[in-house]
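Okay, structure first, notes after.
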(Lines give C-alpha, C1' and ligand atoms only; values in the text may rest on other atoms or scores of the structure.)
Protein backbone atom coordinates (compact mmCIF):
# COMPACT_ATOMS: atom_id res chain seq x y z
CA UNK A 1 0.00 0.00 0.00
CA UNK A 2 1.29 3.47 -0.87
CA UNK A 3 1.86 6.10 1.71
CA UNK A 4 -1.06 8.53 2.03
CA UNK A 5 -0.21 12.15 2.37
CA UNK A 6 -2.18 14.57 4.45
CA UNK A 7 -3.41 17.53 2.48
CA UNK A 8 -5.45 20.47 3.59
CA UNK A 9 -8.94 20.44 2.08
CA UNK A 10 -10.49 23.58 0.68
CA UNK A 11 -13.51 24.46 2.85
CA UNK A 12 -15.61 25.30 -0.22
CA UNK A 13 -14.80 21.88 -1.69
CA UNK A 14 -15.91 20.06 1.47
CA UNK A 15 -19.05 22.22 1.67
CA UNK A 16 -19.93 21.42 -1.96
CA UNK A 17 -19.55 17.67 -1.35
CA UNK A 18 -21.78 17.88 1.72
CA UNK A 19 -24.41 19.82 -0.27
CA UNK A 20 -24.38 17.17 -3.04
CA UNK A 21 -24.89 14.35 -0.53
CA UNK A 22 -27.65 16.21 1.36
CA UNK A 23 -29.46 17.20 -1.85
CA UNK A 24 -29.32 13.62 -3.17
CA UNK A 25 -30.71 12.28 0.09
CA UNK A 26 -33.54 14.81 0.00
CA UNK A 27 -34.41 13.83 -3.58
CA UNK A 28 -34.31 10.14 -2.65
CA UNK A 29 -36.67 10.70 0.28
CA UNK A 30 -39.09 12.70 -1.90
CA UNK A 31 -39.07 9.98 -4.57
CA UNK A 32 -39.77 7.27 -1.99
CA UNK A 33 -42.56 9.38 -0.41
CA UNK A 34 -44.24 9.98 -3.77
CA UNK A 35 -43.88 6.33 -4.81
CA UNK A 36 -45.72 5.38 -1.63
CA UNK A 37 -48.55 7.76 -2.54
CA UNK A 38 -48.57 6.37 -6.09
CA UNK A 39 -48.77 2.83 -4.70
CA UNK A 40 -51.93 3.73 -2.79
CA UNK A 41 -53.36 5.36 -5.94
CA UNK A 42 -52.75 2.14 -7.89
CA UNK A 43 -54.32 0.09 -5.10
CA UNK A 44 -57.33 2.41 -5.16
CA UNK A 45 -57.64 2.03 -8.92
CA UNK A 46 -57.47 -1.77 -8.72
CA UNK A 47 -60.01 -1.89 -5.89
CA UNK A 48 -62.35 0.40 -7.81
CA UNK A 49 -62.14 -1.75 -10.99
CA UNK A 50 -62.83 -4.92 -8.98
CA UNK A 51 -65.62 -3.21 -7.10
CA UNK A 52 -67.36 -2.20 -10.32
CA UNK A 53 -67.70 -5.84 -11.32
CA UNK A 54 -69.97 -6.42 -8.34
CA UNK A 55 -71.60 -3.01 -8.32
CA UNK A 56 -75.10 -4.47 -8.53
CA UNK A 57 -74.64 -6.15 -5.16
CA UNK A 58 -75.45 -4.05 -2.09
CA UNK A 59 -72.44 -3.00 -0.03
CA UNK A 60 -70.19 -5.11 -2.24
CA UNK A 61 -67.35 -2.55 -2.08
CA UNK A 62 -67.25 -2.53 1.72
CA UNK A 63 -67.10 -6.33 1.94
CA UNK A 64 -64.52 -6.44 -0.84
CA UNK A 65 -62.15 -4.08 0.97
CA UNK A 66 -62.70 -5.74 4.34
CA UNK A 67 -61.88 -9.19 2.96
CA UNK A 68 -58.89 -7.80 1.05
CA UNK A 69 -57.48 -6.29 4.24
CA UNK A 70 -57.87 -9.63 6.04
CA UNK A 71 -55.86 -11.31 3.27
CA UNK A 72 -53.14 -8.64 2.90
CA UNK A 73 -52.59 -6.97 6.28
CA UNK A 74 -51.01 -9.98 8.06
CA UNK A 75 -48.33 -10.10 5.35
CA UNK A 76 -47.66 -6.39 4.75
CA UNK A 77 -48.65 -4.69 8.02
CA UNK A 78 -51.01 -1.98 9.26
CA UNK A 79 -50.34 0.22 6.24
CA UNK A 80 -52.78 -2.06 4.41
CA UNK A 81 -55.59 -2.19 6.94
CA UNK A 82 -59.25 -1.85 6.00
CA UNK A 83 -59.13 1.86 6.78
CA UNK A 84 -56.05 2.41 4.59
CA UNK A 85 -57.58 0.42 1.72
CA UNK A 86 -60.73 2.54 2.01
CA UNK A 87 -58.56 5.66 1.81
CA UNK A 88 -56.79 4.26 -1.25
CA UNK A 89 -60.13 3.86 -3.03
CA UNK A 90 -61.13 7.39 -2.02
CA UNK A 91 -57.73 8.65 -3.24
CA UNK A 92 -58.36 7.21 -6.70
CA UNK A 93 -61.94 8.49 -6.79
CA UNK A 94 -60.76 12.03 -5.86
CA UNK A 95 -57.75 12.05 -8.21
CA UNK A 96 -58.68 9.67 -11.06
CA UNK A 97 -55.84 10.83 -13.36
CA UNK A 98 -52.42 9.62 -12.23
CA UNK A 99 -50.53 12.23 -14.26
CA UNK A 100 -52.30 14.98 -12.27
CA UNK A 101 -50.71 13.86 -9.00
CA UNK A 102 -48.15 16.23 -7.47
CA UNK A 103 -44.74 14.61 -7.13
CA UNK A 104 -43.99 17.09 -4.30
CA UNK A 105 -46.74 15.55 -2.12
CA UNK A 106 -46.50 12.48 0.06
CA UNK A 107 -49.19 10.07 1.24
CA UNK A 108 -49.88 12.03 4.44
CA UNK A 109 -50.60 15.20 2.45
CA UNK A 110 -52.90 13.38 0.01
CA UNK A 111 -54.61 11.61 2.89
CA UNK A 112 -55.49 15.05 4.33
CA UNK A 113 -56.61 16.48 0.97
CA UNK A 114 -58.97 13.61 0.06
CA UNK A 115 -60.89 14.19 3.30
CA UNK A 116 -62.01 17.60 1.97
CA UNK A 117 -65.30 17.22 0.07
CA UNK A 118 -65.48 20.80 -1.25
CA UNK A 119 -63.49 20.91 -4.51
CA UNK A 120 -62.64 24.64 -4.24
CA UNK A 121 -61.50 24.26 -0.65
CA UNK A 122 -59.37 21.23 -1.55
CA UNK A 123 -57.78 23.10 -4.46
CA UNK A 124 -56.97 26.05 -2.19
CA UNK A 125 -55.04 23.88 0.27
CA UNK A 126 -53.38 21.95 -2.56
CA UNK A 127 -52.15 25.17 -4.20
CA UNK A 128 -50.97 26.72 -0.94
CA UNK A 129 -49.18 23.55 0.17
CA UNK A 130 -47.47 23.35 -3.21
CA UNK A 131 -46.34 26.99 -3.44
CA UNK A 132 -45.34 27.33 0.22
CA UNK A 133 -43.70 23.94 0.60
CA UNK A 134 -45.91 22.97 3.57
CA UNK A 135 -45.06 19.71 5.28
CA UNK A 136 -47.82 17.27 6.10
CA UNK A 137 -47.97 18.62 9.67
CA UNK A 138 -48.16 22.22 8.47
CA UNK A 139 -50.94 21.36 6.00
CA UNK A 140 -52.83 19.56 8.76
CA UNK A 141 -52.52 22.58 11.03
CA UNK A 142 -53.79 24.97 8.36
CA UNK A 143 -56.79 22.77 7.60
CA UNK A 144 -57.60 22.31 11.30
CA UNK A 145 -57.31 26.07 11.90
CA UNK A 146 -59.94 26.74 9.20
CA UNK A 147 -57.56 28.93 7.19
CA UNK A 148 -59.75 28.81 4.07
CA UNK A 149 -62.93 29.74 5.96
CA UNK A 150 -61.17 32.52 7.89
CA UNK A 151 -60.01 34.11 4.64
CA UNK A 152 -63.54 33.87 3.24
CA UNK A 153 -64.77 35.99 6.15
CA UNK A 154 -63.25 39.06 4.48
CA UNK A 155 -62.80 37.93 0.85
CA UNK A 156 -64.87 36.36 -1.91
CA UNK A 157 -64.07 32.80 -2.96
CA UNK A 158 -62.82 33.76 -6.42
CA UNK A 159 -60.19 36.17 -5.12
CA UNK A 160 -58.98 33.64 -2.52
CA UNK A 161 -58.50 31.01 -5.24
CA UNK A 162 -56.84 33.45 -7.66
CA UNK A 163 -54.23 34.40 -5.05
CA UNK A 164 -53.67 30.73 -4.17
CA UNK A 165 -53.20 29.86 -7.86
CA UNK A 166 -50.73 32.75 -8.21
CA UNK A 167 -52.95 34.21 -10.93
CA UNK A 168 -52.55 37.60 -9.34
CA UNK A 169 -50.66 39.30 -6.51
CA UNK A 170 -52.79 40.32 -3.50
CA UNK A 171 -53.53 44.04 -3.45
CA UNK A 172 -55.44 44.32 -0.20
CA UNK A 173 -54.05 43.21 3.19
CA UNK A 174 -57.38 41.53 3.95
CA UNK A 175 -56.53 39.01 1.23
CA UNK A 176 -53.66 37.70 3.36
CA UNK A 177 -54.35 38.68 6.97
CA UNK A 178 -56.87 36.58 8.87
CA UNK A 179 -59.47 37.63 11.39
CA UNK A 180 -59.49 35.85 13.75
CA UNK A 181 -55.89 34.70 14.10
CA UNK A 182 -55.42 31.28 15.69
CA UNK A 183 -52.49 31.19 18.13
CA UNK A 184 -52.97 27.73 19.61
CA UNK A 185 -49.31 26.92 18.93
CA UNK A 186 -48.31 29.29 21.76
CA UNK A 187 -49.51 26.67 24.23
CA UNK A 188 -51.21 29.26 26.47
CA UNK A 189 -54.41 28.52 28.37
CA UNK A 190 -57.39 30.26 26.86
CA UNK A 191 -58.97 31.13 30.24
CA UNK A 192 -55.91 32.98 31.55
CA UNK A 193 -55.11 36.66 31.26
CA UNK A 194 -51.70 37.61 29.94
CA UNK A 195 -49.59 40.70 29.72
CA UNK A 196 -48.88 41.90 26.20
CA UNK A 197 -45.17 41.16 26.65
CA UNK A 198 -46.03 37.53 27.50
CA UNK A 199 -47.84 37.08 24.19
CA UNK A 200 -45.09 38.89 22.33
CA UNK A 201 -42.39 36.69 23.87
CA UNK A 202 -44.37 33.55 23.08
CA UNK A 203 -44.76 34.65 19.44
CA UNK A 204 -41.04 35.26 19.06
CA UNK A 205 -40.26 31.90 20.69
CA UNK A 206 -42.60 30.27 18.16
CA UNK A 207 -41.67 32.54 15.25
CA UNK A 208 -41.82 29.87 12.55
CA UNK A 209 -45.34 28.86 13.58
CA UNK A 210 -46.38 32.51 13.85
CA UNK A 211 -45.09 33.22 10.32
CA UNK A 212 -47.12 30.25 9.08
CA UNK A 213 -50.22 31.74 10.70
CA UNK A 214 -49.51 35.22 9.34
CA UNK A 215 -49.48 33.83 5.83
CA UNK A 216 -47.68 34.30 2.53
CA UNK A 217 -44.67 36.54 2.10
CA UNK A 218 -43.94 37.61 5.68
CA UNK A 219 -40.42 38.01 7.08
CA UNK A 220 -39.46 39.18 10.56
CA UNK A 221 -37.81 42.63 10.91
CA UNK A 222 -37.80 43.80 14.54
CA UNK A 223 -39.19 43.39 18.04
CA UNK A 224 -39.89 46.42 20.23
CA UNK A 225 -38.76 48.76 17.48
CA UNK A 226 -37.71 52.05 19.10
CA UNK A 227 -39.33 55.16 17.65
CA UNK A 228 -37.96 58.47 18.92
CA UNK A 229 -40.13 61.54 18.41
CA UNK A 230 -38.25 64.52 19.80
CA UNK A 231 -37.85 63.64 23.51
CA UNK A 232 -40.49 60.90 23.60
CA UNK A 233 -39.75 57.20 23.08
CA UNK A 234 -42.25 54.72 21.70
CA UNK A 235 -41.84 51.00 20.96
CA UNK A 236 -43.71 49.13 18.23
CA UNK A 237 -44.30 45.55 19.36
CA UNK A 238 -43.47 43.59 16.19
CA UNK A 239 -42.40 44.69 12.70
CA UNK A 240 -42.52 42.46 9.63
CA UNK A 241 -42.12 42.95 5.89
CA UNK A 242 -44.41 41.39 3.32
CA UNK A 243 -42.79 40.86 -0.08
CA UNK A 244 -46.12 40.26 -1.86
CA UNK A 245 -47.73 43.46 -0.61
CA UNK A 246 -44.30 45.14 -0.75
CA UNK A 247 -44.70 46.98 2.52
CA UNK A 248 -43.83 47.00 6.22
CA UNK A 249 -46.37 45.45 8.58
CA UNK A 250 -46.50 46.65 12.20
CA UNK A 251 -48.30 44.46 14.75
CA UNK A 252 -49.44 45.89 18.07
CA UNK A 253 -50.61 43.36 20.66
CA UNK A 254 -53.49 44.30 22.97
CA UNK A 255 -54.74 41.89 25.61
CA UNK A 256 -57.83 44.02 26.27
CA UNK A 257 -60.78 45.08 24.16
CA UNK A 258 -59.68 47.55 21.49
CA UNK A 259 -59.94 51.27 22.27
CA UNK A 260 -59.70 54.47 20.22
CA UNK A 261 -56.35 55.18 21.88
CA UNK A 262 -54.99 51.87 20.55
CA UNK A 263 -56.02 52.80 17.02
CA UNK A 264 -54.44 56.25 17.33
CA UNK A 265 -51.18 54.79 18.66
CA UNK A 266 -50.87 52.33 15.79
CA UNK A 267 -51.77 55.03 13.25
CA UNK A 268 -48.84 57.07 14.58
CA UNK A 269 -46.45 54.13 14.09
CA UNK A 270 -47.75 53.59 10.55
CA UNK A 271 -47.31 57.28 9.72
CA UNK A 272 -43.76 57.20 11.10
CA UNK A 273 -42.79 54.21 8.96
CA UNK A 274 -44.35 55.75 5.86
CA UNK A 275 -42.37 58.96 6.33
CA UNK A 276 -39.07 57.61 7.71
CA UNK A 277 -38.61 53.96 6.68
CA UNK A 278 -40.64 53.28 3.52
CA UNK A 279 -38.80 53.55 0.21
CA UNK A 280 -40.43 55.55 -2.62
CA UNK A 281 -41.28 52.45 -4.65
CA UNK A 282 -42.79 50.55 -1.69
CA UNK A 283 -46.47 50.47 -0.73
CA UNK A 284 -47.90 52.20 2.37
CA UNK A 285 -47.23 50.54 5.73
CA UNK A 286 -49.93 48.29 7.18
CA UNK A 287 -50.80 48.24 10.87
CA UNK A 288 -52.47 45.29 12.57
CA UNK A 289 -54.05 45.56 16.02
CA UNK A 290 -53.98 42.02 17.40
CA UNK A 291 -56.46 42.17 20.23
CA UNK A 292 -58.40 40.02 22.67
CA UNK A 293 -61.71 41.60 21.59
CA UNK A 294 -62.97 44.40 19.39
CA UNK A 295 -66.01 46.40 18.41
CA UNK A 296 -66.14 46.16 14.61
CA UNK A 297 -68.42 49.18 14.26
CA UNK A 298 -66.12 51.32 16.41
CA UNK A 299 -63.09 50.30 14.34
CA UNK A 300 -64.93 50.99 11.11
CA UNK A 301 -66.05 54.49 12.12
CA UNK A 302 -62.75 55.41 13.78
CA UNK A 303 -60.91 54.99 10.47
CA UNK A 304 -61.35 56.69 7.09
CA UNK A 305 -63.96 55.10 4.84
CA UNK A 306 -61.36 54.07 2.26
CA UNK A 307 -58.91 52.77 4.90
CA UNK A 308 -56.64 49.97 3.69
CA UNK A 309 -53.74 50.32 6.09
CA UNK A 310 -55.11 49.73 9.62
CA UNK A 311 -56.69 46.38 10.47
CA UNK A 312 -57.96 44.85 13.68
CA UNK A 313 -57.81 41.09 14.19
CA UNK A 314 -58.92 39.10 17.22
CA UNK A 315 -56.55 36.43 18.45
CA UNK A 316 -57.69 33.06 19.74
CA UNK A 317 -55.51 30.79 21.85
CA UNK A 318 -57.30 27.74 20.46
CA UNK A 319 -58.27 26.38 17.06
CA UNK A 320 -61.73 27.54 15.94
CA UNK A 321 -64.23 24.78 15.24
CA UNK A 322 -65.53 24.28 11.71
CA UNK A 323 -69.09 24.85 12.98
CA UNK A 324 -68.05 28.15 14.56
CA UNK A 325 -66.34 29.35 11.37
CA UNK A 326 -69.21 28.34 9.09
CA UNK A 327 -71.68 30.12 11.38
CA UNK A 328 -69.51 33.26 11.30
CA UNK A 329 -69.15 32.98 7.52
CA UNK A 330 -72.94 32.74 7.11
CA UNK A 331 -73.38 35.79 9.36
CA UNK A 332 -70.87 37.81 7.30
CA UNK A 333 -72.58 36.83 4.04
CA UNK A 334 -75.97 37.90 5.37
CA UNK A 335 -74.50 41.20 6.64
CA UNK A 336 -72.92 41.93 3.25
CA UNK A 337 -76.18 41.09 1.47
CA UNK A 338 -78.07 43.54 3.73
CA UNK A 339 -75.52 46.30 3.02
CA UNK A 340 -76.02 45.83 -0.72
CA UNK A 341 -79.81 46.12 -0.48
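The figures follow:
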quantity: Residue within the range 295-308 that is assigned to a loop (DSSP other than H, G, I, E, B) and touching a residue at least 60 places away in the same chain (Cβ under 8 Å) present; calculated: yes
quantity: Residues that are exposed (fewer than 15 other Cβ atoms within 10 Å of the Cβ) and touching a helix residue (DSSP H, G or I) at 6+ places or on another chain (Cβ under 9 Å), drawn from the range 232-246; calculated: 234
quantity: Every residue from the range 104-126 that is touching a helix residue (DSSP H, G or I) at 6+ places or on another chain (Cβ under 7 Å), closer than 18 Å to residue 44 by Cβ and not in a helix (DSSP H, G or I); calculated: 105, 106, 114, 116
quantity: The listed residue being out of contact with any strand residue (DSSP E or B) (no Cβ under 9 Å at 6 or more places or on another chain) and either in contact (Cβ under 8 Å) with a residue 24 or more places away in the chain or surrounded by fewer than 17 Cβ atoms within 10 Å (Cβ to Cβ) (or both), out of 157, 178; calculated: 157
quantity: Flag if residue 86 is over 34 Å from the mean Cα position of the chain (by Cα) and assigned to a helix (DSSP H, G or I); calculated: no
quantity: Every residue from the range 161-178 that is under 28 Å from residue 254 (Cα atoms) and touching a helix residue (DSSP H, G or I) at 6+ places or on another chain (Cβ under 7 Å); calculated: 170, 175, 178
quantity: Unique residue being within 20 Å of residue 160 (Cβ to Cβ) and assigned to a helix (DSSP H, G or I) when the list is 139, 68; calculated: 139
quantity: Verdict on residue 245 being part of a loop (DSSP other than H, G, I, E, B) and over 23 Å from residue 149 (Cα atoms); calculated: no
quantity: Single unsatisfied condition, residue 150 versus (1) surrounded by fewer than 17 Cβ atoms within 10 Å (Cβ to Cβ); (2) modelled with pLDDT under 95; calculated: (1)
quantity: Index of the failed condition, residue 61 passing every other in (1) at pLDDT below 85; (2) more than 18 Å from residue 114 (Cβ to Cβ); (3) in contact with a helix residue (DSSP H, G or I) (Cβ under 7 Å, 6 or more places away or on another chain); calculated: (2)
quantity: Residue ID - surrounded by the most Cβ atoms within 10 Å (Cβ to Cβ), chosen from residues in the range 185-208 that are under 16 Å from residue 251 (Cα atoms) and in contact with a helix residue (DSSP H, G or I) (Cβ under 7 Å, 6 or more places away or on another chain); calculated: 203
quantity: Residue within the range 106-114 that is buried (at least 19 other Cβ atoms within 10 Å of the Cβ) and either under 22 Å from residue 211 (Cβ atoms) or without any contact (Cβ under 8 Å) to a residue 12 or more places away in the chain (or both) present; calculated: yes
quantity: Breaking point among (1) over 18 Å from the mean Cα position of the chain (by Cα); (2) surrounded by fewer than 16 Cβ atoms within 10 Å (Cβ to Cβ); (3) more than 21 Å from residue 281 (Cα to Cα), for residue 166; calculated: (1)
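Conditions (1) touching a residue at least 24 places away in the same chain (Cβ under 8 Å); (2) surrounded by fewer than 18 Cβ atoms within 10 Å (Cβ to Cβ); (3) within 27 Å of residue 243 (Cβ to Cβ), marked per residue:
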site	(1), (2), (3)
259	no, yes, no
264	no, yes, no
270	yes, no, yes
274	no, yes, yes
288	yes, no, yes
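The values are calculated or read from the model by the stated rules, or taken from the named source; none is laboratory data. The shown structure was predicted, so the numbers you read here are calculated from the model rather than taken from an experiment. Using ideal geometry, Cβ is built from the backbone for each residue, glycine included, and neighbour counts are taken over all protein chains shown.
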